Amino acid sequence: MRTRWIPLNETAAWNYYVTHRYDDAIRQVRSLLELQPNYGWAYSIMAMSYSGLARHEEAINAAERGRQLLDTPMVQIAQAVVYANAGRRQAAQRLLAQLTTESDKQYVCGVQLATVYAVLGRTDEAFESLERAYLQRSD
């Protein structure tokens, strides 16, 4: 019965993150992880929230744990953003290159990919990624 609350907890955590309420997001993720301790995406939300607070070591640890549990493009994107914000540009660039290669074989969200480009200061490529995402979805 408790597991039916997982989507609500995840949505609340994500909403806190995107509205820059990072402490609330972290608190919400912790309650989510009590229900499902091996939920990789929850660790990614936590990682990005720690990153928003400039708590980079905690962010990196959470991002790496998330990727151990769930190795998907969205989790990789979160990890790349965390690395870039922490000053680990080469690690972020490697993940970005891997994601770009993977996008030929599986769906990688161009909007989220643009975030990685933007955090790395690659503005033109960020806009190109947004344009590609628009064209993919404009049918």
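Dipole magnitude for the chain: computed about the Cα centre from +1 point charges on Lys and Arg Cβ and -1 point charges on Asp and Glu Cβ, it is near 320 debye. Give the separation of the Cα centroids, segment 19-79 to segment 84-139, in Å. The distance from the Cα centre of segment 19-79 to that of segment 84-139 comes to 19 Å.
Ranked by the mean number of other Cβ atoms within 10 Å per residue, highest first, peptides 74-81, 89-96, 16-23 order as 74-81, 89-96, 16-23.
Values in this text are rule-based calculations from the coordinates and carry no lab data. Only a predicted model underlies this, so the values are computations on that prediction, with no experimental measurement involved. Reconstructed Cβ throughout: ideal geometry from the backbone, glycine too, with neighbour counts over all protein chains shown.
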